[in-house]
Amino acid sequence: MSTDHSPSNAAQPISDLPPLALIAGPTASGKSDLAVRTALRVEAAGGKAIVINADSAQVYADLAVLSARPTEYEMQGVPHRLYGAWDAAEACSAADWAAAARAEIVNAHAAGALPILVGGTGLYIRTLLDGIAPVPPIDPDVRAEVRALPVAEAYAALLREDPERAAALAPADAARIARALEVVRSTGRPLVAWQAELSGGIGHAVKVRPLVLMPERAWLYERCDLRFAAMWAGGAVAEAQALLARGLDPALPVMRAIGVPEVSHFLAGHCTEAEAIAAGSQATRRYAKRQYTWLRHQPPAEWPRITLDNSPPDDLIEALLRD
């Protein structure tokens, strides 16, 4: 993930670039609250700020409760963008989201407002800043053939056809193995060759002011458990029930969002309420752990990693707003 200038912008000092505040962190780490506090501080100083969502579940209109999307009360009058912007029937890819986020950032700058990007979906953030590989559409027959393979067979095939990518993946990583195999079979080029041609990123065109929230794990996991229990009590079952009633393709991202499978099992009588809550809490903790690992290793080393327990919110806000 890069925030360097491209050659076309080499003559423009970074201090002259429009700012982009970025708050990244695992689920339940306090990102949304910090974003609103930051925006209110900007407004109190006579400026304007707009919060832009970078969470892959919060983009869906049908997942207000299960994605912990900020409520109108929690937004405190601060403009929020790309929350609930996609219908559940439409999969929002990283490229789709990045295009929409670029437009919102441009609009914010044009209005003299500070865009505050908030989320924990690493692929979204990376695609926005660095761009995306211009992989052509995959041949549907190739995709169907690859996706039908058992993961062990797919991995063995990838070892033969794209050994470099195979060496970088765990043998049980079914999704990434399938993606790499379908790319090389459909395009005749390995995924790494396409990734070397990233395009569309805005990292060179903005001055990123990042903060990565990395709270102590025991505290974070407790928050995950409390959050899922609160979701359950706050309408998660009814929300998932309404989603299931639409009869959508089970392969859509929204149908695999944390909480939807757990509520589905409960509604089908396959588990008790307590078991469903425990399973949803565990899924949330596992997701937070994956986000934590990504955020520790993937963003630039110079991006500050912050533990909330020893960092007062006012200090974090000052760091985001500092030129």
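Numerical summary
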read-out: Among residues of region 215-263, those that are outside any helix (DSSP H, G or I) and more than 20 Å from W86 (Cβ to Cβ), counted; value: 2
read-out: Which listed residue, of A39, A85, A100, is in the same structural domain as R285 (by TED's automatic domain parsing) and closer than 25 Å to T307 by Cβ; value: A39
read-out: In region 150-172, the residues that are of a type outside the set (D, E, K, R) and in contact with a helix residue (DSSP H, G or I) (Cβ under 7 Å, 6 or more places away or on another chain); value: V151, A154, Y155, A157, L158, L159, A166, L169, P171, A172
read-out: Residue check, P210 surrounded by 15 or more Cβ atoms within 10 Å (Cβ to Cβ) and on the phi < 0 side of the Ramachandran plot; value: yes
read-out: The listed residue being of a type in the set (K, R) and in contact with a helix residue (DSSP H, G or I) (Cβ under 6 Å, 6 or more places away or on another chain), out of R126, R81; value: R81
read-out: Residue within region 270-283 that is within 23 Å of A91 (Cβ to Cβ), modelled with pLDDT of 95 or more and either assigned to a helix (DSSP H, G or I) or among the acidic types (D, E) (or both) present; value: yes
read-out: Single residue of region 133-145 satisfying the filter (surrounded by fewer than 17 Cβ atoms within 10 Å (Cβ to Cβ) and in a loop (DSSP other than H, G, I, E, B)) that is modelled with the lowest pLDDT; value: P134
read-out: Check on D130, in contact with a Ser or Thr (Cβ under 8 Å, 6 or more places away or on another chain) and surrounded by 13 or more Cβ atoms within 10 Å (Cβ to Cβ); value: yes
read-out: Candidate set: region 247-269, residues that are among the charged types (D, E, K, R) and touching a helix residue (DSSP H, G or I) at 6+ places or on another chain (Cβ under 8 Å); chosen: the one modelled with the highest pLDDT; value: E262
read-out: From R102, R126, residue being at pLDDT 95 or above, in a helix (DSSP H, G or I) and not small (G, A, S); value: R102
read-out: So S15, is it among the small types (G, A, S), modelled with pLDDT under 95, in contact with a strand residue (DSSP E or B) (Cβ under 8 Å, 6 or more places away or on another chain) and surrounded by fewer than 23 Cβ atoms within 10 Å (Cβ to Cβ); value: yes
read-out: Boolean, R256 is basic (K, R) and either under 23 Å from Q58 (Cα atoms) or touching a Phe, Trp or Tyr at 6+ places or on another chain (Cβ under 6 Å) (or both); value: yes
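Residue-wise test of (1) under 30 Å from V42 (Cα atoms); (2) buried (at least 20 other Cβ atoms within 10 Å of the Cβ); (3) among the aliphatic types (A, V, I, L, M); (4) not assigned by TED's automatic domain parsing to the domain that holds T38.
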{"residue": "L220", "(1), (2), (3), (4)": "yes, yes, yes, no"}
{"residue": "A274", "(1), (2), (3), (4)": "no, no, yes, no"}
{"residue": "G280", "(1), (2), (3), (4)": "no, yes, no, no"}
{"residue": "P313", "(1), (2), (3), (4)": "yes, no, no, no"}
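The values are calculated or read from the model by the stated rules, or taken from the named source; none is laboratory data. Remember, it's a predicted structure, so these values are computed and weren't measured experimentally. Cβ sites come from the backbone with ideal geometry, for glycine too, and all protein chains shown count toward neighbours.
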